[in-house]
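Before any comments, here is the structure.
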Amino acid sequence: MAEIVLEGVTKRFPDGSVAVRDVDLAIADGEFVILVGPSGCGKSTTLNMIAGLEDITEGTLRIGGRVVNDLAPKERDVAMVFQSYALYPHMSVRENMGFPLRLAKVDKTTIDSKVEEAARVLDLGDFLDRKPASLSGGQRQRVAMGRAIVRDPEAFLMDEPLSNLDAKLRVQMRTQISRLQRRLGTTTVYVTHDQTEAMTLGDRVVVMRQGLVQQIGSPAELYDMPRNLFVAGFIGSPAMNFVSASLAGGTLRTPLGDLPLDDRARRALEQRGAPPEVIVGLRPEAFEDASLARGTGGPVVTATVDVLESLGSDAYVYFQAEGGPVSTAELEELATDSGLRDTGAGASQQIVARLDAATRARE
Ligand code: ATP
């Protein structure tokens, strides 16, 4: 079993700064877990502690049931894939991929067959005798993956492996990594600051900020039930809109107008002991063109199109909301991406907010 379990793991650097604080995380055998968060939040440090590239200041790390705090990287049976690929320029693809096995004194016939097998899985068969310099970024990335695969390790640890690739290749490689991980069933911990990667690749996602875990959950849980404002604003693109609101009986009074609460939502707020002042998070898809909306019961807001970004299949429309019970200066910019006509920048249109597509978060 290649479970990875962190208990109260903390990293304090010699200068006194604490990069990772009291992290508890249990990764199941075969699970694909993503560490995501803004730059400097401690995700690489966490991964490096699992790999053995950084000491653990406090806490316990277990891999496959063994406490590995004091084991050297090579004794942990994990394979790391770096953003830089870290290939040896003077070695062929075949030699690069077989390198970890040569280090482990595996016999040549076994190395050859493992390299051939990995090359087949990664579609690198035609490149085995080439040097890294003559490969594209995506091919080099695959060689780096191949070097991890040949060892058949307990776990893959990947630190932003796609960030040197262009946008199109990133998407291709993302799918390939997902397929490969499912096929091999190897426990994988993957660091990224890209929330699309996090949401598409992970069985579970760990959102970090300033060394602290903010939430651990499936992509759907993070999207639908963010535990705090940070997660709510970090997950989702375009980002969630936030408006302040006061609770008055069965209604949320917001600068956009009154949002009626259904019984379930009211009960949930009561159970949490919500204060009279709350913050309402409205996902972009919570807004609809008022002329097309069918009895949603939300307030109709007159808004001016600020910026319109057309992506072909979707359009992101950024609005400045007008009117309403408070002045525009107090309103957040609204972003919406569904059911809206392309009326062009500067145009005014009526939009309606649906509370069933809203997420309430409170810090
Ligand atoms: P990025 O996405 O930018 O790589 P990250 O989330 O991976 O960021 P880490 O590299 O884990 O962040 O760094 C976490 C914090 O620890 C940062 O504030 C960083 O400056 C600090 N840090 C990293 N290495 C050291 C070190 N050797 N000494 C002191 N502080 C360090």
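The values are calculated or read from the model by the stated rules, or taken from the named source; none is laboratory data. Since this is a predicted model, take the numbers as computed values, not measurements. Neighbour counts are summed over all protein chains in view; Cβ atoms, including those assigned to glycine, are modelled from backbone coordinates with ideal geometry.
Odds and ends about this structure:
- Meets criteria (in a strand (DSSP E or B), modelled with pLDDT of 95 or more, more than 7 Å from the ligand (Cβ to nearest atom) and among the acidic types (Asp, Glu)) for residue 54: no
- Residues located in segment 166-193, provided they are in a loop (DSSP other than H, G, I, E, B) and either modelled with pLDDT under 90 or closer than 19 Å to residue 117 by Cα (or both): 166, 185, 186
- Among (1) without any contact (Cβ under 8 Å) to a residue 40 or more places away in the chain; (2) more than 30 Å from residue 133 (Cα to Cα) - the single one residue 62 does not satisfy: (1)
- Residues located in segment 303-323, provided they are hydroxyl-bearing (Ser, Thr, Tyr) and within 30 Å of the chain's Cα centre (by Cα): 310, 313, 316, 318
- Pairs, first not assigned by TED's automatic domain parsing to the domain that holds residue 222 in segment 10-38, second more than 9 Å from the ligand (Cβ to nearest atom), C-beta under 9 Å, six or more apart: none
- Only residues that are assigned to a strand (DSSP E or B) and either farther than 24 Å from residue 195 by Cα or within 15 Å of the ligand (Cβ to nearest atom) (or both) were counted in segment 3-20, giving 10.
- Qualifying residue in segment 65-86 (condition: closer than 14 Å to residue 211 by Cα, assigned by TED's automatic domain parsing to the domain that holds residue 220 and either more than 12 Å from the ligand (Cβ to nearest atom) or not hydrophobic (A, V, I, L, M, F, W, C) (or both)): no
Results for (1) farther than 29 Å from residue 215 by Cα; (2) surrounded by fewer than 16 Cβ atoms within 10 Å (Cβ to Cβ), shown as yes or no for each residue.
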residue: 245; (1), (2): no, no
residue: 252; (1), (2): no, no
residue: 275; (1), (2): no, yes
residue: 311; (1), (2): yes, yes
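Table: residues versus (1) polar (S, T, N, Q); (2) assigned by TED's automatic domain parsing to the domain that holds residue 33; (3) more than 16 Å from the chain's Cα centre (by Cα); (4) over 26 Å from residue 41 (Cα atoms).
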| residue | (1), (2), (3), (4) |
| --- | --- |
| 158 | no, yes, no, no |
| 161 | no, yes, no, no |
| 178 | yes, yes, no, no |
| 181 | yes, yes, yes, no |
| 185 | no, yes, yes, yes |
| 205 | no, yes, no, no |
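- Residue in segment 128-135 that is hydroxyl-bearing (Ser, Thr, Tyr), surrounded by 13 or more Cβ atoms within 10 Å (Cβ to Cβ) and farther than 20 Å from residue 182 by Cα present: no
- Of everything in segment 23-71 that is surrounded by 14 or more Cβ atoms within 10 Å (Cβ to Cβ) and among the hydroxyl-bearing types (Ser, Thr, Tyr), the residue that is nearest to the chain's Cα centre (by Cα) is 44.
- The conditions of being of a type in the set (Val, Ile, Thr), within 13 Å of the ligand (Cβ to nearest atom), out of contact with any helix residue (DSSP H, G or I) (no Cβ under 9 Å at 6 or more places or on another chain) and farther than 21 Å from residue 149 by Cα are not met by residue 60.
- When residues in segment 21-45 are screened for being out of contact with any His (no Cβ under 7 Å at 6 or more places or on another chain) and more than 7 Å from the ligand (Cβ to nearest atom), 15 of them pass.
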